[in-house]
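Undergrad: Shown below is the structure under consideration.
The values are calculated or read from the model by the stated rules, or taken from the named source; none is laboratory data. What you are looking at is a predicted structure, and each value in this text was computed from that prediction instead of being measured. Here the Cβ is made from the backbone with ideal geometry for all residues, glycine too, and neighbour counts use every protein chain on show.
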Amino acid sequence: MKYLFAFVSGLFLSLGASAQEVSPDVLIKNVTSEVLEIVRKDKDIQSGNTKKAIDLVEAKVLPNFNFTRMTQLALAREWKKASSAQQKVLTDEFRTLLVRTYSKALTEYKNQTIDFKPFSLKAGETDAKVRTEIKQSGGGKPIPLDYYLEKANSSWKVYDIEVGGISLVTNYRDSFASEVRNNGIDGLIKSLQAKNKASEAIAAKK
Amino acid sequence: MTKTLPTRLKSLTLAAFAASMLAGCATSGNPKDPIEGFNRAMFAFNEGLDSAIVKPVATGYDAALPSPVRTGVTNFFGNIADVFIGVNNLLQGKVPEAFSDFGRVAINTTIGLLGVLDVASDAGLEKHEEDFGQTFGRWGVGNGAYVVLPVFGPRTARDTVGLILDLKADPVANMDPVRNRNALIVLRVVNDRANLLPADKVIEEAALDKYSYLRDAYLQRRRNLIHDGNPPREVEADAEQVERPVVAEAEVPADAAPVLVARTESPSVK
């Protein structure tokens, strides 16, 4: 009976959450605290188990990211040179790369605290920046960690993350462009695939 | 050791120049990086130096010292740096920030036990990050060419000039008993490197080509710092976005200046 009650109320709450629009700052806050809570309790992730961190990221973080948009931003003017099939492959490979990077960063998490900066959003706005700050355990100036979100179909999705002013997405722009210039779109796809395979091989060895 | 340090640096530079000659002029035609062949050679040299000496020492240091001690070391050097951070804020016309920096030094040097405790941050005086390169940038000096310096690593032409002034002004580098000075410099380098250890693995995971990844990260970071964390969002290079109207303000293309000599521009800071 107790279980049934929990189930029904859980269902009710989750329905409530999806019916009501979640604002960007609340979304980031919820996902951050949920993910870090899990990492704090998980000894495997803390000791560098990337595979487990990837599973966590895929379950909790990915649904809130717009990878097509990210890939498009990273490719900038090269995006239009790719056929839609190539765009799909590029997005898949870039997603793998970013997920690995993000997961790796989670395994390096050592109980730093995250501060959320004041957030405001004008009515009708579809582009938002949520600012947070990581307090470092070794002291020193906190590292800014900013999320850029875009609203599509009444839900907010992250399309860029900046760490200390360095965008994890657009930082690839120049190297992607020079790869395309030298070896074409297929060359870029190949080098992304090679990178992902190599990372996978390293992870498998551990 | 101390007297030969500059000579050593000089010979290292010469060796690296020679290496870059051998490496030829491999460039990918990036206008921000006209001397890529040289830079890649220097980057490889720095990486070698790091993996042979600096990183192992920093790793040992990180493992040996408890986190509060490392925090104390970081704070200690941060307090010394705050003096010229304040000076640079003054030079940039940011008077309230400058007074906050000098206030930080006063509080942390006294109540914070010679800077070991950063009580000023707890009191709400935020730590800033400024240097002469940023001051020049604020004054409108463009990046100039990207250059990888031996030992010091990534800079731009402008930031190289800034670095020379930073070193001239650095209280630690100008300390009188040379032995103490050297010990402090080594401690600072090792501590700074130890603070970067977690980033290593993430960069390894992220970068298709570590050289260009770090180059572009450096350039983005500097741009962000010059604008104190609020740079105008970069216009998406004629990507003709249909989904999202680009509202970013027109960007002064100083960042892309393909010239070796830093050129002057009208101040572009908003």
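Undergrad: Among (1) among the β-branched types (Val, Ile, Thr); (2) free of Cβ contacts under 8 Å to residues at least 24 places away in the same chain; (3) within 8 Å of chain B (Cβ to nearest Cβ), which single condition is residue A:163 missing?
TA: With respect to (1) among the β-branched types (Val, Ile, Thr); (2) free of Cβ contacts under 8 Å to residues at least 24 places away in the same chain; (3) within 8 Å of chain B (Cβ to nearest Cβ), residue A:163 is out only on (3).
Undergrad: Right, here's the next one. Out of A:54, A:38, which single residue is over 16 Å from the mean Cα position of the chain (by Cα) and of a type in the set (Val, Ile, Thr)?
TA: Testing whether each residue is over 16 Å from the mean Cα position of the chain (by Cα) and of a type in the set (Val, Ile, Thr) leaves just A:38.
Undergrad: Let me ask something else. Please go through segment A:166-194 and give me each residue that is within 9 Å of another protein chain (Cβ to nearest Cβ) and under 11 Å from residue A:73 (Cβ atoms), ordered by number.
TA: If the condition is that a residue be within 9 Å of another protein chain (Cβ to nearest Cβ) and under 11 Å from residue A:73 (Cβ atoms), then A:167, A:168, A:170, A:171, A:172, A:173, A:176 are the ones that fit.
Undergrad: Something else about it: Out of segment B:107-124, which residues are buried (at least 20 other Cβ atoms within 10 Å of the Cβ) and within 20 Å of residue B:87 (Cα to Cα)?
TA: Those that are buried (at least 20 other Cβ atoms within 10 Å of the Cβ) and within 20 Å of residue B:87 (Cα to Cα): B:107, B:108, B:115, B:118, B:120, B:121.
Undergrad: When you check residue B:219 against the structure, is it part of a helix (DSSP H, G or I), touching a residue at least 24 places away in the same chain (Cβ under 8 Å) and surrounded by fewer than 16 Cβ atoms within 10 Å (Cβ to Cβ), yes or no? I'd like the intermediate steps shown before the answer.
TA: Values: part of a helix (DSSP H, G or I): yes; touching a residue at least 24 places away in the same chain (Cβ under 8 Å): yes; surrounded by fewer than 16 Cβ atoms within 10 Å (Cβ to Cβ): no.
The answer is no for residue B:219.
Undergrad: Collect the residues in segment B:173-192 that are hydrophobic (A, V, I, L, M, F, W, C) and at pLDDT below 90, keeping them in residue-number order. Before you say what the answer is, go through the steps one by one.
TA: Here is the first cut: in segment B:173-192, the residues hydrophobic (A, V, I, L, M, F, W, C) are B:173, B:175, B:178, B:183-187, B:189-190.
Scanning segment B:173-192 gives B:173, B:175, B:178.
Undergrad: Look through segment A:133-165, keep the residues that are among the small types (Gly, Ala, Ser) and in a strand (DSSP E or B), and return whichever of them is modelled with the highest pLDDT. If you could, list the steps in order and put the result at the bottom.
TA: Filtering segment A:133-165 down to residues among the small types (Gly, Ala, Ser) leaves A:137-140, A:152, A:154-155, A:164-165.
This time we only want the ones that are in a strand (DSSP E or B), so: A:152, A:155.
Numbers: A:152: 83, A:155: 88.
Of everything passing the filter in segment A:133-165, A:155 is modelled with the highest pLDDT.
Undergrad: Of the residues A:132, A:126, A:107, only one is surrounded by fewer than 18 Cβ atoms within 10 Å (Cβ to Cβ) and either under 14 Å from the mean Cα position of the chain (by Cα) or touching a residue at least 24 places away in the same chain (Cβ under 8 Å) (or both); which? Spell out the reasoning first.
TA: Values: A:132 fails: surrounded by fewer than 18 Cβ atoms within 10 Å (Cβ to Cβ); A:107 fails: surrounded by fewer than 18 Cβ atoms within 10 Å (Cβ to Cβ).
Only one candidate qualifies: A:126.
Undergrad: With the condition kept exactly as written, say whether any residue in segment A:197-206 is facing chain B (nearest Cβ under 8 Å) and not β-branched (Val, Ile, Thr).
TA: Within segment A:197-206, the first condition is being facing chain B (nearest Cβ under 8 Å), and the residues that meet it are A:199.
Of the ones still in play, those that are also not β-branched (Val, Ile, Thr) are A:199.
Scanning segment A:197-206 turns up at least one residue that is facing chain B (nearest Cβ under 8 Å) and not β-branched (Val, Ile, Thr).
Undergrad: Kindly provide the set of residues from segment A:106-132 that are part of a loop (DSSP other than H, G, I, E, B) and hydrophobic (A, V, I, L, M, F, W, C), ordered by number.
TA: At the first step, the residues of segment A:106-132 found to be part of a loop (DSSP other than H, G, I, E, B) are A:108-112, A:117-126.
Scanning segment A:106-132 gives A:119, A:121, A:123.
Undergrad: What's the number of the only condition in (1) in contact (Cβ under 8 Å) with a residue 24 or more places away in the chain; (2) within 9 Å of chain B (Cβ to nearest Cβ); (3) surrounded by 15 or more Cβ atoms within 10 Å (Cβ to Cβ) that residue A:152 fails to meet?
TA: The single condition residue A:152 does not satisfy is (3).
Undergrad: A follow-up question, please. What's the number of the condition residue B:186 fails, among (1) free of Cβ contacts under 8 Å to residues at least 60 places away in the same chain; (2) within 16 Å of the chain's Cα centre (by Cα)?
TA: Exception for residue B:186: condition (2).
Undergrad: Tell me, which helices (runs of 4 or more DSSP H) lie completely within segment B:47-143 with 3 or more residues that are in contact (Cβ under 8 Å) with a residue 24 or more places away in the chain? Steps first, please.
TA: Working: elements: B:55-64, B:67-91, B:95-110, B:119-122, B:132-138.
In segment B:47-143, the matching helices (runs of 4 or more DSSP H) lie at B:55-64, B:67-91, B:95-110, B:132-138.
Undergrad: Report, by residue number, each residue of segment B:205-214 that is closer than 20 Å to residue A:178 by Cβ and at the interface with another protein chain (Cβ under 8 Å from one of its Cβ atoms).
TA: Of all residues in segment B:205-214, those closer than 20 Å to residue A:178 by Cβ come to B:206-214.
Passing the criteria: B:206, B:208, B:209, B:212, B:213.
Undergrad: Now, a different point. Tell me which residues, restricted to segment A:166-206, are β-branched (Val, Ile, Thr), surrounded by 18 or more Cβ atoms within 10 Å (Cβ to Cβ) and not in a strand (DSSP E or B).
TA: If we filter segment A:166-206 for residues that are β-branched (Val, Ile, Thr), which is where we start, we get A:166, A:169-170, A:180, A:185, A:189, A:202.
With surrounded by 18 or more Cβ atoms within 10 Å (Cβ to Cβ) added as a condition, the list becomes A:166, A:169-170, A:180, A:185, A:189.
Once the filter is applied, which keeps residues that are β-branched (Val, Ile, Thr), surrounded by 18 or more Cβ atoms within 10 Å (Cβ to Cβ) and not in a strand (DSSP E or B), segment A:166-206 yields A:169, A:170, A:180, A:185, A:189.
Undergrad: Is at least one residue of segment B:154-168 out of contact with any strand residue (DSSP E or B) (no Cβ under 9 Å at 6 or more places or on another chain), more than 12 Å from chain A (Cβ to nearest Cβ) and crowded, with 16+ Cβ neighbours inside 10 Å? Give the steps one after another, and end with the answer.
TA: Taking segment B:154-168 and keeping what is out of contact with any strand residue (DSSP E or B) (no Cβ under 9 Å at 6 or more places or on another chain), we get B:164-168.
Remaining after also requiring more than 12 Å from chain A (Cβ to nearest Cβ): B:164-168.
The next check asks that each one be crowded, with 16+ Cβ neighbours inside 10 Å; those that pass are B:165-166.
Yes, segment B:154-168 contains a residue that is out of contact with any strand residue (DSSP E or B) (no Cβ under 9 Å at 6 or more places or on another chain), more than 12 Å from chain A (Cβ to nearest Cβ) and crowded, with 16+ Cβ neighbours inside 10 Å.
Undergrad: Take the residues of segment A:57-70 that are of a type in the set (A, V, I, L, M) and surrounded by fewer than 18 Cβ atoms within 10 Å (Cβ to Cβ): which is farthest from residue A:159 (Cα to Cα)?
TA: Only one residue fits best here, namely A:59.
Undergrad: For segment B:81-96, how many residues meet the condition of being within 20 Å of the chain's Cα centre (by Cα) and under 15 Å from residue B:228 (Cβ atoms)? Explain how you work it out, then say what you get.
TA: First pass over segment B:81-96, keeping only residues within 20 Å of the chain's Cα centre (by Cα): B:81-92.
Restricting the remaining residues to those that are under 15 Å from residue B:228 (Cβ atoms) gives B:85-86, B:88-92.
Going through segment B:81-96 one residue at a time, the tally reaches 7.
Undergrad: Another question, then. Only one residue in A:90, A:121, A:36, A:73 is within 12 Å of chain B (Cβ to nearest Cβ), surrounded by 13 or more Cβ atoms within 10 Å (Cβ to Cβ), in contact with a helix residue (DSSP H, G or I) (Cβ under 9 Å, 6 or more places away or on another chain) and hydrophobic (A, V, I, L, M, F, W, C), so which one is that? Spell out how you get there, then give the answer.
TA: Values: A:90 fails: within 12 Å of chain B (Cβ to nearest Cβ); A:121 fails: within 12 Å of chain B (Cβ to nearest Cβ); A:36 fails: within 12 Å of chain B (Cβ to nearest Cβ).
Result: A:73 is the single residue among A:90, A:121, A:36, A:73 that is within 12 Å of chain B (Cβ to nearest Cβ), surrounded by 13 or more Cβ atoms within 10 Å (Cβ to Cβ), in contact with a helix residue (DSSP H, G or I) (Cβ under 9 Å, 6 or more places away or on another chain) and hydrophobic (A, V, I, L, M, F, W, C).
Undergrad: Assess whether residue B:95 counts as being of a type in the set (Val, Ile, Thr), in contact with a strand residue (DSSP E or B) (Cβ under 9 Å, 6 or more places away or on another chain) and under 24 Å from residue B:223 (Cβ atoms).
TA: Details: of a type in the set (Val, Ile, Thr): yes; in contact with a strand residue (DSSP E or B) (Cβ under 9 Å, 6 or more places away or on another chain): no; under 24 Å from residue B:223 (Cβ atoms): yes.
No.
Undergrad: Of everything in segment A:54-70 that's within 12 Å of chain B (Cβ to nearest Cβ) and not β-branched (Val, Ile, Thr), which residue is farthest from residue A:189 (Cα to Cα)?
TA: Filtering first and then ranking leaves A:66.
Undergrad: Which numbered condition trips up residue B:188, out of (1) in a helix (DSSP H, G or I); (2) within 9 Å of another protein chain (Cβ to nearest Cβ)?
TA: With (1) in a helix (DSSP H, G or I); (2) within 9 Å of another protein chain (Cβ to nearest Cβ) applied to residue B:188, the lone miss is (2).
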